[in-house]
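Peer 1: Supplied in structure tokens, the structure appears directly below.
What follows is calculated from the coordinates using simple rules that are stated; it is not laboratory data. Because the structure is a prediction, the values reported are computed rather than measured. Ideal geometry is used to build each Cβ from the backbone, glycine not excepted, and the neighbour counts take in all protein chains shown.
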Amino acid sequence: MENYLVDWQGVARSGHEIGNHTLSHPCPETILGSAGGLESMTLAEIEQDMLAAQKRLNQIAPHQQHWTFAYPCYSTYVGRGVTRQSYVPVVAKHFLAGRAAGELGFANRPERMDLACLWATPAELLSGDEMIALVKRLTERGQWVILVFHDIDGDLLNVPGRTYRKLLQFLSQERETIWTGTVSEIAAYLAAQPV
């Protein structure tokens, strides 16, 4: 096994969910600034990329029962113009759930959501107070809030550690009223509910 994969085994054993994010992380070409992104891919190519990543992930966390997918750059399509196609059905075929993005102030309604394309809110532009207010408001409505943290005290799409800790403290205080879990844990519970 490659050395960097061994490092992730400890993360998986400590209880963190390991999710699939593709092997090559293809993004829209407008973000890349060059060819070779999602617009240049086919459904077969994106599926192959996901499955190659999954082969490695299975080595990292063979104990993990459910696997989820996070759409690179929140993008759910391949191709361009009249050839553009959603690859959400490919995600639905291979994963319990897929996390995309949605508009700030909205979340997943358990009775109406598509597990293969869940709404999530990027956290890097929110203060701790804003995250807490969002979680309070949406969970009071019975919605499932997914916050995306790309980097804590890092360089890219960063959330300061103090901001993250403020949210965690709030969630710890509210653990009797707000269920906090991994995407796979909550998705498995919701998938088992009668329609």
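Peer 1: Distance between the C-alpha centers of region 32-87 and region 156-171? Whole Å please.
Peer 2: Centre-to-centre (Cα) distance: 28 Å.
Peer 1: Output the 0 to 90 degree angle, nearest 10, between the alpha-carbon long axis of helix 161-173 and the longest principal axis computed from the alpha carbons of the chain.
Peer 2: Computed tilt is about 60 degrees.
Peer 1: Sequence neighbours fewer than 8 away in the same chain don't count; with that in mind, list the lysines whose C-alpha is under 21 Å from Lys55.
Peer 2: Lys93
Peer 1: Can you compute the charge dipole magnitude of region 1-95 about its Cα centre, using +1 on each Lys and Arg Cβ and -1 on each Asp and Glu Cβ, nothing else charged? Give it in debye, rounded to the nearest 20.
Peer 2: Values: 6 positive and 8 negative charges, 37 e Å.
Here the size comes out at about 180 debye.
Peer 1: Ok, one more. Among the aspartates and glutamates, select those whose C-alpha is under 14 Å from the C-alpha of Lys136, and discard any that sit fewer than 8 residues away in the same chain.
Peer 2: Reachable aspartates and glutamates: Glu174, Glu176.
Peer 1: Most fluctuating residue of Asp49, Asp114, Asp129 in a GNM of the chain with Cα springs under 10 Å: which is it?
Peer 2: Taking springs between Cα atoms under 10 Å, the residue moving most is Asp129.
Peer 1: Could I ask something else about it? Under 12 Å from the Cβ of Gln85, count the other residues' Cβ atoms, weight Lys and Arg +1, Asp and Glu -1, and hand me the total.
Peer 2: Details: positive: Arg80, Arg84; negative: Glu39, Glu45, Glu47.
Once all neighbours under 12 Å are counted, the net charge is -1.
Peer 1: For the chain, which cysteines have no disulfide-compatible partner, meaning no other cysteine Cβ under 4.7 Å?
Peer 2: Lacking a cysteine Cβ partner under 4.7 Å: Cys117.
Peer 1: Another one. Just name one of Thr163, Cys117, Val6: the one whose Cα is farthest towards the positive end of the charge dipole of the chain (beta-carbon charges, Lys/Arg +1, Asp/Glu -1).
Peer 2: Value computed over the given set: Cys117.
Peer 1: Among Thr30, Thr76, Thr182, determine the one that fluctuates most according to a GNM of the chain built with springs between C-alpha atoms less than 10 Å apart.
Peer 2: For the chain, modelled as a Gaussian network with Cα springs under 10 Å, the answer is Thr30.
Peer 1: Mind checking which of Phe106, Phe69, Phe149 has the largest fluctuation in a GNM of the chain, springs on alpha carbons under 10 Å?
Peer 2: Result for the chain, Cα springs under 10 Å: Phe149 fluctuates most.
Peer 1: Hey, if you drop one equal point scatterer on each alpha-carbon of region 146-195 and run the Debye formula without solvent, what base-10 log of I(q)/I(0) do you get at q = 0.15, 0.32 Å⁻¹?
Peer 2: For region 146-195, the Cα-only Debye profile gives -0.56, -1.12.
Peer 1: Against the longest alpha carbon principal axis of the chain, how many degrees, from 0 to 90 and to the nearest 10, is the axis of helix 3-13 turned?
Peer 2: In the chain, helix 3-13 runs at an angle near 40 degrees to the longest axis.
Peer 1: Can you check what the Kirkwood hydrodynamic radius comes to for region 69-136, Cα pairs only, in Å to one decimal?
Peer 2: Numbers: mean 1/r = 0.0750 Å⁻¹.
Taking the inverse mean of 1/r over all distinct Cα pairs, region 69-136 comes out at 13.3 Å.
Peer 1: Please list the radius of gyration and Dmax for the chain, considering alpha-carbon atoms only, with Å as the unit.
Peer 2: Both quantities, over Cα of the chain: 17.2, 50 Å.
Peer 1: How large is the translational diffusion coefficient of region 100-195 in µm² per second when you combine the Kirkwood radius over alpha carbon pairs with Stokes-Einstein at 10 °C and 1.306 mPa s? List each step's numbers first, then the result.
Peer 2: Numbers: Rh = 14.0 Å.
Result for D is 113 µm²/s.
Peer 1: Could you size up the charge dipole of the chain around its Cα centre, putting +1 on the beta carbon of Lys and Arg and -1 on that of Asp and Glu, and report it in debye to the nearest 20?
Peer 2: Values: 16 positive and 21 negative charges, 79 e Å.
Dipole of the chain, to the nearest 20 debye: 380 debye.
Peer 1: Additional query: Could you give the alpha-carbon Rg of region 1-95 over 2.2 N^0.38 Å, rounded to two decimals? Intermediate results must be reported in sequence, preceding the final value.
Peer 2: Numbers: Rg = 14.4 Å, N = 95, 2.2 N^0.38 = 12.4 Å.
It is 1.16.
Peer 1: Estimate the FRET efficiency between Ser86 and Glu124 by the formula 1/(1 + (r/R0)^6), using the beta-carbon distance for r and 25 Å for R0, to the nearest 0.05. If you can, show how the numbers build up before the last one.
Peer 2: Details: r = 26 Å, r/R0 = 1.03.
Rounded to the nearest 0.05, the efficiency is 0.45.
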